1. Restricting to segment 42-56, and then to whatever is touching a strand residue (DSSP E or B) at 6+ places or on another chain (Cβ under 9 Å), within 12 Å of E94 (Cβ to Cβ) and touching a residue at least 40 places away in the same chain (Cβ under 8 Å), can you tell me which residue is surrounded by the most Cβ atoms within 10 Å (Cβ to Cβ)?
2. Here's a check for you: in segment 95-109, which residue that is of a type in the set (G, A, S) and open to solvent by less than 50 Å² (accessible area, probe 1.4 Å) is nearest to V27 (Cα to Cα)?
3. For residues in segment 126-141 being in contact (Cβ under 8 Å) with a residue 24 or more places away in the chain and not acidic (D, E), which is farthest from M44 (Cα to Cα)?
4. Only one of (1) open to solvent by less than 70 Å² (accessible area, probe 1.4 Å); (2) in contact with a helix residue (DSSP H, G or I) (Cβ under 6 Å, 6 or more places away or on another chain); (3) more than 19 Å from E32 (Cβ to Cβ); (4) in a loop (DSSP other than H, G, I, E, B) fails for C146. Which number is that?
5. Within segment 112-143, how many residues turn out to be open to solvent by 60 Å² or more (accessible area, probe 1.4 Å) and part of a helix (DSSP H, G or I)?
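The values are calculated or read from the model by the stated rules, or taken from the named source; none is laboratory data. Here the structure is a predicted model, which means the values were calculated and not measured. Note that each Cβ is placed from the backbone with ideal geometry, even for glycine, and that neighbours are counted across all protein chains shown. Ligands, DNA and RNA are stripped out before the accessible areas are found, and what is left, the full protein with its side chains, is counted by its heavy atoms. Shrake-Rupley method; radii C 1.70, N 1.55, O 1.52, S 1.80 Å.
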Amino acid sequence: WSTCPLLVQPPPALKNVYFGIRHGHSVNNLEELISSSPPVGTSMHPLTEQGVNQAREAGRVLAEELRRLEETGKTRRVVAYTSDFVRAKQTAEESIATSGRAISLVARKELRERWFGELDNTIVSNYNLVWPCDMKDARSDSGYGCESVEEVVRRLQGMME
């Protein structure tokens, strides 16, 4: 990572506790396809049975972590944010249901997958065409019209401010 210049400053000290959960195994994973198009991702590619089980396991872990935080008195209100992609929303819903907690769920476009431009809906090995370019220049679209790493970071940072 030493070859990548720091383009976006780290956020100031965070006031909240954050947990990140990646979506579970989905149909596009099974088909080995890159799925980053919002019209497709918000309407297709749900979780597979394996993905549902992964989301439920994440919910069990989340419940345990929240219990630990409650013991320290550090929890006030718990809110879950998810992408509006089907696989992400389904993961969040399954995790919350399994946790047994009353957690509000908010879908945010800022949490969508990185847009992979011309490589969308192609074989996942095409990620290997982009990642070396990312390592050299976080501002690059990698020559395929991809959303740059810098754009993704700014999008996420904007949501957290």
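1. Per the criteria, the residue is A55.
2. Result: S95.
3. K136
4. (3)
5. 8
A quick yes/no check of all residues on (1) touching a residue at least 60 places away in the same chain (Cβ under 8 Å); (2) outside any loop (DSSP other than H, G, I, E, B); (3) buried (at least 20 other Cβ atoms within 10 Å of the Cβ):
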| residue | (1), (2), (3) |
| --- | --- |
| P12 | no, no, no |
| Y18 | no, no, no |
| I21 | yes, no, no |
| V40 | yes, yes, no |
| A58 | no, yes, yes |
| E65 | no, yes, no |
| L69 | no, yes, no |
| R76 | no, no, no |
| E93 | no, yes, no |
